[in-house]
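> Could you have a look at this structure, given as structure tokens, before my questions?
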Amino acid sequence: MKRLLFILYFITTVAQAQTFITESGYVNFLSKASLNEFNGESDKLNGLIDLDKNLLDFYVDLNTLETGIGLRDKHMRDNYLETDKYPFAEFTGKMKTIPTLSTGSKSSVTAIGTFKIHGVERQIEVKGTLSKNAKGELELEGGFNVLLSDYNIEIPKLVFYELAEKQEVTFKALFKPKN
Amino acid sequence: MNRSLLLILLGMLPFSLFAQLERNLANPNQQVELIFHAPRHINLLTVEPLSKKSMHFAIMHTFGTLDGGIQNLFGLDNGANIQFSFEFGLSEKFSLAASRSSRDKVYNVFGRYHIFQQTQNGSKPFSLSVAGGGGVNTSKYDFLPEPAPNFSERMSYFGQVMLARKFSPKISFQLTPMLAYFTDPRPVYQIEGTDNLYVALGFSGKLKITERSSLALQFIPNLNTDLRSNFGIGWDVEAGGHVFQMYFVTSQALNEQYLLAGGNGTIGDEFRLGFNVNRIFATGQKRKKY
């Protein structure tokens with residue numbers, strides 16, 4: 001009995017090494033409307049990859065998104081994302097299959113889960129690549145599209161030509177083992 | 001046996017409970033933004049800051065009084081007072097501006113400094129800014145029998161404190177104690193006051209009606225003279241980078257000194273139509289990373 005528990009203890013401690021986190025992932029959105037194309041970015045993507053439990057959990061504080069024009073950022077926060085009420089964009093889900101990671105090689109991964117922004121939750125599928133570097137850190141890259149109307153973000157007619165309905169989201173992050 | 005079992009279980013506990021990340025704001029003292037649509041609200045300056053390296057350009061007009069009716073196209077025939085104003089954000093907190101108003105051909109230079117801003121978590125319940133500057137009247141006074149005023153006699157100054165709060169996403173309010181000083185307020189100047197110093201308390205209100213438009217109010221009672229109070233009511237519309245402001249107001253004055261000393265018509269009867277176009281230009285925009 002005692003030996004079994006020690007083994008269990010050992011396993012959970014090992015499982016800990018299968019958990020990777022980041023607080024400084026890069027996330028970008030690209031808006032391609034007919035008259036105006038612009039992007040917004042943040043390097044404050046927080047993320048967790050638990051290979052043992054197959055858990056993915058990400059969030060970014062939308063207040064940290066910058067488009068390069070201060071007034072546009074304010075309008076984005078105030079009129080569209082309403083960050084005072086809904087400060088985060090979140091994704092919680094799992095990988096369809098957990099790839100076996102060998103150092104230096106990239107594996108395609110597909111994640112399914114719940115994406116939440118502007119107070120609306122939807123099931124989405126995200127494609128990306130996952131790889132392990134020599135230091136034992138994980139590198140994740142990927143992207144997905146967000147239709148603003150799916151999340152009750154209305155585009156007024158006046159700016160219809162300047163703000164795209166479809167926002168192309170990409171992200172890239174380096175995850176360190178959690179200790 | 002029991003104790004070691006407990007210890008072992010405790011050791012496992014953090015990992016079995018550990019699931020999602022805790023959501024934390026990057027900046028817990030996130031500022032409340034867009035208390036007003038623009039750095040101007042009808043005629044008064046607001047606490048709304050400019051981003052660093054951005055420029056706020058405002059064209060402001062006020063026309064003749066409405067009481068001329070359709071004959072004078074509700075005052076539009078009577079000639080407008082027009083002010084061009086350029087304000088540059090030198091930092092996130094400080095901006096410097098120059099303006100030119102056609103009434104008495106006044107060139108004004110002023111600065112605006114934001115001491116602190118209202119935060120979403122309430123650690124700062126309101127925004128506090130100050131502004132001040134001076135101007136020179138450049139009208140020609142050759143027609144006068146007496147010598148024309150010299151440069152210093154043409155000067156006027158103003159200073160004001162702006163205290164604003166967004167009470168709800170729809171309602172914002174600003175209190176603006178202000179004063180103006182004319183070194184030599186001559187009757188030939190287009191002002192009604194004869195005093196050097198004018199003290200007033202400005203009230204500005206915004207009531208958001210739709211996502212992109214608001215009802216605007218302005219009330220500026222003079223505190224140390226018997227000049228009538230300034231009253232204005234208007235409609236602000238936000239359209240991308242522009243903010244259009246249409247309003248009825250009791251004074252044709254557009255800069256701070258003349259707002260206080262310029263005199264006002266009676267509310268209702270001697271309203272004038274006014275119109276501001278505000279545009280923010282951003283420079284130093286980041287280059288795309290593609």
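The values are calculated or read from the model by the stated rules, or taken from the named source; none is laboratory data. Bear in mind that the values here come from a model prediction, so they are computed numbers and not experimental data. Glycine gets a Cβ as well: all are built from the backbone with ideal geometry, and neighbour counts include every protein chain shown.
> Considering the range B:204-253 alone, what residues qualify as being within 14 Å of chain A (Cβ to nearest Cβ) and among the hydroxyl-bearing types (Ser, Thr, Tyr)?
Selection gives B:Thr210, B:Ser213, B:Ser214.
> Here are some residues: A:Asn79, A:Asn39, A:Asn54, A:Asn63. Which one is more than 10 Å from chain B (Cβ to nearest Cβ) and without any contact (Cβ under 8 Å) to a residue 60 or more places away in the chain? Break it down into steps so the answer makes sense when it comes.
Details: A:Asn79 fails: more than 10 Å from chain B (Cβ to nearest Cβ); A:Asn39 fails: more than 10 Å from chain B (Cβ to nearest Cβ); A:Asn63 fails: more than 10 Å from chain B (Cβ to nearest Cβ).
Testing whether each residue is more than 10 Å from chain B (Cβ to nearest Cβ) and without any contact (Cβ under 8 Å) to a residue 60 or more places away in the chain leaves just A:Asn54.
> Pick out the one residue from A:Gly68, A:Gly119, A:Gly25 that is under 30 Å from B:Ile35 (Cβ atoms) and either crowded, with 19+ Cβ neighbours inside 10 Å or at pLDDT 90 or above (or both). Step through it out loud before you land on a result.
Numbers: A:Gly68 fails: either crowded, with 19+ Cβ neighbours inside 10 Å or at pLDDT 90 or above (or both); A:Gly25 fails: under 30 Å from B:Ile35 (Cβ atoms).
Just one listed residue meets the conditions, A:Gly119.
> Additional query: Just the residues that are more than 16 Å from the chain's Cα centre (by Cα) and of a type in the set (Val, Ile, Thr), please, taken from the range A:86-119.
Of everything in the range A:86-119, those that are more than 16 Å from the chain's Cα centre (by Cα) and of a type in the set (Val, Ile, Thr) turn out to be A:Thr97, A:Ile98, A:Thr100, A:Thr103.
> Filtering the range A:52-65 down to residues that are charged (D, E, K, R) and over 15 Å from A:Leu140 (Cα atoms), which residue is surrounded by the most Cβ atoms within 10 Å (Cβ to Cβ)?
To start, the set of residues in the range A:52-65 that are charged (D, E, K, R) comprises A:52-53, A:57, A:61.
From the residues that got through so far, the ones that are over 15 Å from A:Leu140 (Cα atoms) too are A:52-53, A:61.
Working: A:Asp52: 15, A:Lys53: 14, A:Asp61: 20.
My answer is A:Asp61.
> Let me ask something else. Could you tell me how many of the residues in the range B:38-53 are at pLDDT 90 or above and at the interface with chain A (Cβ under 10 Å from one of its Cβ atoms)? Full working, then the answer.
Looking only at the range B:38-53, we keep the residues that are at pLDDT 90 or above, and these are B:38-50.
Next, only the ones that are at the interface with chain A (Cβ under 10 Å from one of its Cβ atoms) stay: B:38, B:48-50.
Going through the range B:38-53 one residue at a time, the tally reaches 4.
> Another one. Taking the range A:149-158, which residues are buried (at least 19 other Cβ atoms within 10 Å of the Cβ) and not in a loop (DSSP other than H, G, I, E, B)?
A:Tyr151
> Exactly one of (1) out of contact with any strand residue (DSSP E or B) (no Cβ under 7 Å at 6 or more places or on another chain); (2) crowded, with 19+ Cβ neighbours inside 10 Å; (3) more than 9 Å from chain B (Cβ to nearest Cβ) is unmet by A:Ile49. Its number?
The single condition A:Ile49 does not satisfy is (1).
> Hey, among the residues in the range B:151-171 that are surrounded by 10 or more Cβ atoms within 10 Å (Cβ to Cβ) and part of a loop (DSSP other than H, G, I, E, B), which one's farthest from the chain's Cα centre (by Cα)? Write out each step before concluding.
Restricting attention to the range B:151-171, the residues satisfying the condition of being surrounded by 10 or more Cβ atoms within 10 Å (Cβ to Cβ) are B:151, B:153-167, B:169-171.
Now drop any that are not part of a loop (DSSP other than H, G, I, E, B), which leaves B:151, B:167, B:169-170.
Details: B:Phe151: 28, B:Phe167: 18, B:Pro169: 19, B:Lys170: 18 Å.
The residue in question is B:Phe151.
One line per residue, one yes/no per condition, for (1) within 17 Å of B:Gln190 (Cα to Cα); (2) over 16 Å from the mean Cα position of the chain (by Cα); (3) buried (at least 16 other Cβ atoms within 10 Å of the Cβ):
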| position | (1), (2), (3) |
| --- | --- |
| B:Gln71 | no, yes, no |
| B:Gly75 | no, yes, yes |
| B:Ser85 | no, no, yes |
| B:Ser95 | no, no, yes |
| B:Gln120 | no, yes, yes |
| B:Leu128 | no, no, yes |
| B:Gly133 | no, no, yes |
| B:Pro147 | no, yes, no |
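> Another question about this same structure. Checking the conditions here, which among B:Gly193, B:Gly268, B:Gly262, B:Gly202 is in contact (Cβ under 8 Å) with a residue 40 or more places away in the chain and closer than 24 Å to B:Gly69 by Cα? Explain how you work it out, then say what you get.
Numbers: B:Gly193 fails: closer than 24 Å to B:Gly69 by Cα; B:Gly268 fails: in contact (Cβ under 8 Å) with a residue 40 or more places away in the chain; B:Gly202 fails: closer than 24 Å to B:Gly69 by Cα.
That would be B:Gly262, the only listed residue that is in contact (Cβ under 8 Å) with a residue 40 or more places away in the chain and closer than 24 Å to B:Gly69 by Cα.
> I'd like to verify a number: residues in the range B:205-218 that are assigned to a strand (DSSP E or B) and crowded, with 17+ Cβ neighbours inside 10 Å, how many?
Applying the first criterion (assigned to a strand (DSSP E or B)) to the range B:205-218 yields B:205-210, B:213-218.
Now restrict to residues that are crowded, with 17+ Cβ neighbours inside 10 Å: B:205-206, B:208, B:214, B:216-218.
Adding up the residues that qualify gives 7.
> Looking at this structure, is B:Ser91 buried (at least 16 other Cβ atoms within 10 Å of the Cβ) and either in contact with a Leu (Cβ under 6 Å, 6 or more places away or on another chain) or in contact (Cβ under 8 Å) with a residue 24 or more places away in the chain (or both)?
On the way: buried (at least 16 other Cβ atoms within 10 Å of the Cβ): no; either in contact with a Leu (Cβ under 6 Å, 6 or more places away or on another chain) or in contact (Cβ under 8 Å) with a residue 24 or more places away in the chain (or both): yes.
No: the conditions fail for B:Ser91.
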